[in-house]
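The values are calculated or read from the model by the stated rules, or taken from the named source; none is laboratory data. Predicted model only: the values in this text are computed from it and were never measured. Here the Cβ positions follow ideal geometry from the backbone for every residue, glycine too, while neighbour counts run over all protein chains shown.
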Amino acid sequence: MTVKTFAKYFFIIVLTSLLISCGTTKTQNPVTKTNFMLDTIIRITAYGDNASEAIDRVFDRINDIQKKMTASGDDSEVIEINRKAGKDFQKVSPDTFYVIKKGIYYSESSRGRFDITIGPLVKLWGIGTDKARVPSPEEIKSALRHVNYKNVVVNENENSVMLSKPGMALDLGAIAKGYAADEAARILKASGIKSAVVDLGGNIYVIGRKPDDSPWKIGIQNPFEPRGNTFATVDVTDKTLVTSGVYERYFIKNGKRYHHILDTSTGYPVDNGLVSVTIISDSSIDADALSTAVFALGLKDGMKYVEKMPDVEAAFVTGDRWIYTSSGIGQYGFKITNKSFKLEKLDE
């Protein structure tokens, strides 16, 4: 499996040609605000007379989600669930209950390659923190015994959740940021915003079209270069893009790189030849979970998984700079912009 913390996507996807000057009227001038939440930099750009106030409401909502769902710190609904593991149910908000149920769905559909109970492994490795280290095989084996989404029990009537085995721990880092992006888009649309881009540290959600009525052009981060370098672009309207990759959060020990996407079958970082997977869909919570699940499944199984999903497309990048895309990605004008990458066809 693979689960990331909230910083998973830190600027993995780069917006290109984001702000287009289309005139001088008030509604055509963008408002851009940034904040640091969910362990990442959040940048929102919106057009409209009340764009500033709408963005502020988005930040308030994201802060609310963070307080409920973080797995680090002293207190949250998720932390309380983890504290009561093997003991009792914890009543949670509709927000947290919804995200956990979504997490269970993707844990099941990916056959555990995505698993919201990966908390013990995430904590053990500490990747992305000053405590990152290579655990011993014994420690990994012990942590793996506590990773099993089938032991998450939900009570629909009470909106409560319980981990049935002591030592278990939820980590919603691979899905909660997608939910926050969806909520951000919902609030902006409800505020009358018809053109905007939400970037939650690489979870991109574009609303409407640019003020000049053209699609938003999104550049996909080159996984072999510093942030801001892209290898391809897509043209999208009212879509979300999420990328999962091995290159943003990692540490190097004895010359070996250990990245944050962990394999629930081995307890070690996923090692299947992929360096990034980008998902395009209508829902960011789905794209967030899918980017991890698909990456962990690997190229062939991941592609099969995507092709079964309605209105979902994907681009896979391997360590040798080969690109494999799902069958419908052409509708978004997918274009390779870096000649060192080559588009390949997946063998049947």
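Return the residues of the stretch 112-131 that are at pLDDT 95 or above and more than 19 Å from the chain's Cα centre (by Cα); say none if nothing qualifies. Once the filter is applied, which keeps residues that are at pLDDT 95 or above and more than 19 Å from the chain's Cα centre (by Cα), the stretch 112-131 yields Pro120, Leu124, Trp125.
For the stretch 220-230, a residue qualifies if it is assigned to a strand (DSSP E or B) and buried (at least 20 other Cβ atoms within 10 Å of the Cβ), and the qualifying residues are Ile220, Gln221. Of the strands (runs of 3 or more DSSP E) entirely within the stretch 231-339, those holding at least 2 residues that are surrounded by fewer than 16 Cβ atoms within 10 Å (Cβ to Cβ), more than 15 Å from the chain's Cα centre (by Cα) and not assigned by TED's automatic domain parsing to the domain that holds Lys101 occupy 250-253, 256-259.
Starting from the stretch 160-184, keep only residues that are touching a residue at least 24 places away in the same chain (Cβ under 8 Å) and closer than 15 Å to Asp115 by Cα, then list their pairs with residues that are part of a helix (DSSP H, G or I) and small (Gly, Ala, Ser) whose Cβ atoms are within a distance under 7 Å, requiring at least 6 positions of separation or different chains. If the second residue must be part of a helix (DSSP H, G or I) and small (Gly, Ala, Ser), the pairs left are Ala169/Gly119; Leu170/Gly119; Asp171/Gly119; Leu172/Gly103; Ala174/Ala289; Ile175/Gly103; Ile175/Ala289.
May I ask you to verify whether Val154 is in a strand (DSSP E or B), in the same structural domain as Pro94 (by TED's automatic domain parsing) and not basic (Lys, Arg)? The answer is yes for Val154. Close Cβ contacts (under 6 Å, 6 or more residues apart or on different chains) running from residues in the stretch 225-239 that are farther than 15 Å from Asn338 by Cα to residues that are in a loop (DSSP other than H, G, I, E, B) comprise Asp235/Pro215; Asp235/Gly333; Val236/Pro215; Thr237/Arg209; Thr237/Pro215. Val242 - would you say it is β-branched (Val, Ile, Thr) and touching a His at 6+ places or on another chain (Cβ under 9 Å)? No, not satisfied. Considering the stretch 178-206, the residues that are closer than 11 Å to Val58 by Cβ and of a type in the set (Val, Ile, Thr) include one that is surrounded by the fewest Cβ atoms within 10 Å (Cβ to Cβ), namely Ile187.
Can you confirm whether Val242 is touching a residue at least 40 places away in the same chain (Cβ under 8 Å) and out of contact with any Cys (no Cβ under 6 Å at 6 or more places or on another chain)? Can you show your working first?
Details: touching a residue at least 40 places away in the same chain (Cβ under 8 Å): yes; out of contact with any Cys (no Cβ under 6 Å at 6 or more places or on another chain): yes.
Taking the combined requirement at face value, the residue satisfies it.
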